[in-house]
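Data block below; observations after.
Every number here is computed from the coordinates shown, using simple stated rules; none is lab data. As the structure is a prediction and not an experimental result, all values here were calculated from the model. Cβ placement follows ideal geometry from the backbone for every residue including glycine, while neighbour counts extend to all protein chains displayed.
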């Protein structure tokens, strides 16, 4: 092997090492920012340990919303198989209501999901009130749409 080939080999090896190092740094940085999505059945079967942050998704169970002192709200999230009690201290989104889809971010502590953020989901039929009013004014609104 001549000098030119040795330099090329050393350069290629340096590129591989640098690429592996960069990939390791990216994966390490993403690991701290990834929040996994879990269903109430996953949580009820204890596949998620206490204190581990994740997203809980499902429906707000009918008759489960209880308001406490201040901004404290307790409710159950269900996937029709299992239910998980959720505690949230804060302002709920305008679309939040019983029977509606919800995604909560937080962790399980002592058997209750302590939510730090609650996001309400709407179905595919949802239309913002401003759009409904605009359609009514233009005469294109069909009742029941």
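Hey, with R₀ at 25 Å, roughly what FRET efficiency would residue 50 and residue 121 work out to, going by the Cβ-Cβ distance, to 0.05?
Step by step, r from the Cβ atoms, then E = 0.45.
Quick one: 45, 64, 39, fewest Cβ neighbours within 10 Å first, how do they rank?
45, 64, 39
Along Cα→Cβ, 7 Å out, is where each label goes; now give me the distance between the ones at residue 65 and residue 112 in nm to one decimal.
Here the answer is 1.8 nm between the modelled labels.
Once you keep just the Cα pairs under 8 angstrom separated by 6 or more residues, what percentage relative contact order results for the range 61-108?
The normalised contact order for the range 61-108 reaches 32 percent.
Residue separation times 0.36 nm, minus the C-alpha to C-alpha distance between residue 94 and residue 72: what's the value?
The residue 94-residue 72 span can extend by a further 6.3 nm.
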